[in-house]
Amino acid sequence: MPIQNDQEIKQLFELSQQLEQSAQAAVNHANTEEIQQLQQKLRETQHDIQAARGKAINGSGTSTEPLTEAQMRVEETQHRIERALINIEAQRDNVQP
């Protein structure tokens with residue numbers, strides 16, 4: 001496996017920021033379909049970040065700090081949109097026809 005380079009780390013970091021912003025917009029619009037799609041993208045991104053951290057830790061000398069920050073951002077976003085989905089569904093259940 002190739003060792004992580006700075007460009008790959010930067011791409012993952014930026015992707016985590018983009019997903020965070022997209023998730024916030026989806027939550028603001030109460031768009032459950034979009035939220036569910038973002039959940040899948042966040043899971044995939046988290047997996048990619050963990051793999052990149054492993055490669056960076058295994059001897060490249062590359063700082064893993066941006067990857068750690070990206071992973072924390074992804075995890076926090078996952079929790080936030082999960083709570084939002086629960087709240088949206090609860091609101092829909094409470095709406096009387």
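Using θ = phi - 60° and the Karplus curve 6.51 cos²θ - 1.76 cosθ + 1.60, what whole-Hz ³J(HN,Hα) does each residue of the stretch 74-86 get, with Gly and Pro shown as x?
In residue order, the calculated couplings are 5, 5, 5, 5, 4, 5, 5, 6, 5, 5, 4, 4, 4 Hz.
In whole Hz, what ³J(HN,Hα) sequence does the stretch 37-47 give by Karplus (6.51, -1.76, 1.60; θ = phi - 60°), x for Gly and Pro?
3J(HN,Hα) across the stretch 37-47, in whole Hz: 5, 5, 4, 5, 4, 5, 4, 5, 5, 4, 4.
Explain nothing, just compute: Karplus ³J(HN,Hα) = 6.51 cos²θ - 1.76 cosθ + 1.60, θ = phi - 60°, for every residue of the stretch 6-15 in order, whole Hz, x for Gly and Pro.
Whole-Hz 3J(HN,Hα) from phi for the stretch 6-15: 4, 5, 5, 5, 4, 4, 5, 4, 5, 4.
None of the figures in this text is laboratory data; all of them are computed from the coordinates on show. Since the structure is predicted, the reported quantities are computational estimates derived from the model, not experimental observations.
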